[in-house]
Structures are given as structure tokens and as C-alpha cells.
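The values are calculated or read from the model by the stated rules, or taken from the named source; none is laboratory data. Keep in mind the model is a prediction, meaning the values are calculated, not measured. Cβ placement follows ideal geometry from the backbone for every residue including glycine, while neighbour counts extend to all protein chains displayed. Each accessible area value is taken on the protein alone, full model and side chains, heavy atoms only, with ligands, DNA and RNA left out. Shrake-Rupley method; radii C 1.70, N 1.55, O 1.52, S 1.80 Å.
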Amino acid sequence: VAVVGPNGAGKSTLFKALVGILPLQSGRILIHGESLGTHKDCVAYVPQREDVDWRFPVTVSDVVMMGRFGQMGWWSRPSKADKQIVRKSIEQMGIADLTDLSIGQLSGGQQQRAILARALAQEPHILLMDEPFTGVDVTTQEVTLGLLDHLRKQQVTTIISTHDLNLAASRFDLVLLINHRLI
């Protein structure tokens, strides 16, 4: 699903509400028929690039391992299975050679692929991506589109926000147009 609309239409607000970052003013959100929060681990969120502090002193591997925290808990050590999932996610995004680098040392496209690998490490049923194609190189855009095709085959629901109506119309099964403030 592609959510398309101008700046200020509420796309990011919608995504943040879907993951519980912003409180609802009214209504409710159900995931798999249950209230928001019951299934937090099955929803992964990739925020806009400007919403991330790239100066935080963590490696690419650390960032991707953060995707496993929901399954392993804050104070647990990663299991062999957690490490394998992280390694697979990193390889899937084509950044295996960057695992020991600080996230702040990477290009914008490499950072985006690291955040996508973190989302994959969660093993989500639903993936929310807020403007994933803004400010990234062609390689990252192609890797991301390939990932979306792969996730579709895996029956993972992907919802992205974008300003690119042509991309939305050509690559997505459903396009939701937002032309005024939703929330």
C-alpha cells in the first residue's frame, strides 16, 4: 500500500499512530483484531531519515540487533538465532561489509539500508516505511523496491508514504491519496 499526499497531510502522523508513538485523539487501531500494543513485535517502523539521530555511537550491527529487542527483552543477551537473523537481515540489505562501522559514518543510502535491516530483523507481519525513497541513491531505491517485492511474496503487508504518485501507481497494489489533514 502506498500512502500519497502533500507535506502536512498527515502521512507521518498516521504511521506514528499506527505504532503507538502518537496517542489517538479518537477511535482505535486494531492489528489482527486486537488493540494496538498487543502485537507490537509484528509491526516494524522505518521512520523518515530526519527522525533518526545518526550521531548516536552505535555500529550498524548494533542498530540491526535493536530490531530483535522486542523478542529477546532489554536485558537478555542475543541468542544464536537472534545473531543469525541479524546477519541475514544485513546481508539481505547488501551492507555486510559495513557491520562494524558507526552508523554516523555511512552515506544516507547506507543508513537507510541499515534501518531497513533493523526492521527486517523484527520479522514483522506489517512493515511501515515513512518516505523511504527521499534522499537516497538509486542503488538504495532499487534494493528497497526489490525488498518490497520479496516481502509481498512472503505475504508481509508493506505500507509506505511517498510523494511520488507515479511510483505508487506503478509498484503498489493499493494507493491511498491523502489531500487534507487526517488527524
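In nanometres, what is the gap between the two model label sites at Leu24 and Ala96, each 7 Å from Cα along Cα-to-Cβ?
Reported label-point gap for Leu24 and Ala96 is 4.3 nm.
Suppose we take every Cα in region 37-183 and form the convex hull; what volume per residue is that in Å³?
Cα-based convex hull of region 37-183, divided per residue, equals 133 Å³.
With all protein chains present and a 1.4 Å probe, how do Ser76, Ser161, Ser26, Ser12 order by accessible area, largest first?
Descending order: Ser26, Ser76, Ser12, Ser161.
Could you tell me how far the Cα centroid of region 2-33 sits from the Cα centroid of region 143-177, in Å?
17
How far apart, in nm, are two points set 7 Å out from the Cα along the Cα-to-Cβ line at His163 and at Phe56?
In this crude label model, His163 to Phe56 measures out at 2.6 nm.
With every protein chain left in place and a probe of 1.4 Å, what is the accessible surface of Phe56, to the nearest 10 Å²?
Near enough 120 Å² of accessible area.
In Å, what is the Rg of the alpha-carbon atoms in region 137-183, and how long is Dmax?
Answer for region 137-183, Rg first and Dmax second: 12.1, 34 Å.
Kindly sort His32, His150 by accessible area of their heavy atoms, largest first, with the probe set to 1.4 Å.
I get His32, His150, largest accessible area first.
Amide H to amide H, which residues 5 or more places from Asp164 or on other chains are under 5 Å from it, using H placed in the peptide plane?
none
Just the Cα atoms of region 43-117, one point each, no solvent: what log10 I(q)/I(0) does Debye give at q = 0.15, 0.22, 0.25, 0.27 Å⁻¹?
Rounded to two decimals, the profile gives -0.47, -1.02, -1.26, -1.40.
Over region 26-183, with every protein chain in place, what whole percent of the accessible area is carbon and sulfur at 1.4 Å, could you tell me?
50
Enumerate lysine pairs in the chain that are 8 or more residues apart or on different chains, then count those whose Cα atoms are under 24 Å apart.
8
Find the percent of Cα-Cα distances in region 67-106 that exceed 11 Å, and round it to a whole number.
Of the Cα pairs, 68 percent sit more than 11 Å apart.
Can you give me the distance in nm between label points at Leu36 and Trp74, each placed 7 Å from the Cα along the Cα-to-Cβ direction?
Using points 7 Å along Cα→Cβ, the separation is 2.1 nm.
I'd like the Karplus ³J(HN,Hα) series for region 95-103: coefficients 6.51, -1.76, 1.60, θ = phi - 60°, whole numbers in Hz, and an x wherever there's a Gly or Pro.
10, 4, 7, 10, 4, 8, 7, 5, 4
Taking the alpha-carbon set of region 1-92, what are its Rg and Dmax in Å?
Every Cα atom of region 1-92 included, Rg and Dmax give 15.8, 44 Å.
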